[in-house]
Amino acid sequence: MEENLKDFLITKREAMQNSALIIIDLQAFIKKLAKKAEPYGWDKIIENNRALIAAFDQANQPVYLVTVEPKILWKSAKEAFSRMILQDELDNNSRSHKLVKFGPSAFKQSDDDLADELKKLSVSKIYVTGVSMSNGVVKTAKDGAESAFESFIIEDACADRKLKNYQKTLTEIPEFGKVIKTKEIIEELNKNV
């Protein structure tokens, strides 16, 4: 019995060690476009994502801050459009990576091969947050699941322009992944530090 408990604890710890946080489109320009961040509001979404970055950092797990940058924009417009709200977290964390995408999915619409990079880091679980829940977040999580990652969406670290889009997306997630809360993943990460 003691042997089984030890194996269970090791397996649980290893599972969290093979995790990555992927934050989608928390950009200043998008915040201006989507004045409301349904259902939690911008302040709560930013606060939860900062807490998640700190927890993943403390657990030595990678964090990907993903920005959308339409290819049709000229260089100065791209820089202004893709300025991240969480730039300080990127600058102050050696395990944080910036990824630029050109459409909704960080897996399928980027010049980087995110799936290959995560597999090289032995990541098996992805935790996706950001905006918009009904577009970039859900498409990234779904494409991650299709790339053989166990996929989670941290629902209280996500937002959408419209509450009905956010709520509808929550009903679609069980088809490919799981929905959890910020507090749950932080507690799990803290158990394994």
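The values are calculated or read from the model by the stated rules, or taken from the named source; none is laboratory data. For clarity, every value in this text was computed on a predicted model and none was experimentally measured. Glycine also receives a Cβ, built like all others from the backbone with ideal geometry; neighbour counts cover every protein chain displayed.
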Mind checking which pairs have a first residue in the stretch 107-132 that is under 14 Å from F152 (Cβ atoms) and touching a residue at least 40 places away in the same chain (Cβ under 8 Å) and a second that is among the acidic types (D, E) and buried (at least 16 other Cβ atoms within 10 Å of the Cβ), Cβ under 7 Å, 6 or more apart or different chains? S124/E150; K125/E150; G130/D25
Of all helices (runs of 4 or more DSSP H) completely enclosed by the stretch 6-95, which ones contain at least 1 residues that are at pLDDT 90 or above and surrounded by fewer than 12 Cβ atoms within 10 Å (Cβ to Cβ)? 42-58
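Residue by residue, here is whether (1) under 23 Å from L189 (Cα atoms); (2) free of Cβ contacts under 8 Å to residues at least 60 places away in the same chain; (3) under 14 Å from the mean Cα position of the chain (by Cα) holds:
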| site | (1), (2), (3) |
| --- | --- |
| L21 | yes, no, yes |
| A34 | no, no, no |
| I45 | yes, no, yes |
| Q58 | yes, no, no |
| Q61 | yes, no, yes |
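Here is a yes/no grid of residues against (1) among the β-branched types (V, I, T); (2) at pLDDT 95 or above; (3) assigned to a helix (DSSP H, G or I):
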{"residue": "V123", "(1), (2), (3)": "yes, yes, no"}
{"residue": "V138", "(1), (2), (3)": "yes, yes, yes"}
{"residue": "S151", "(1), (2), (3)": "no, yes, no"}
{"residue": "A157", "(1), (2), (3)": "no, yes, no"}
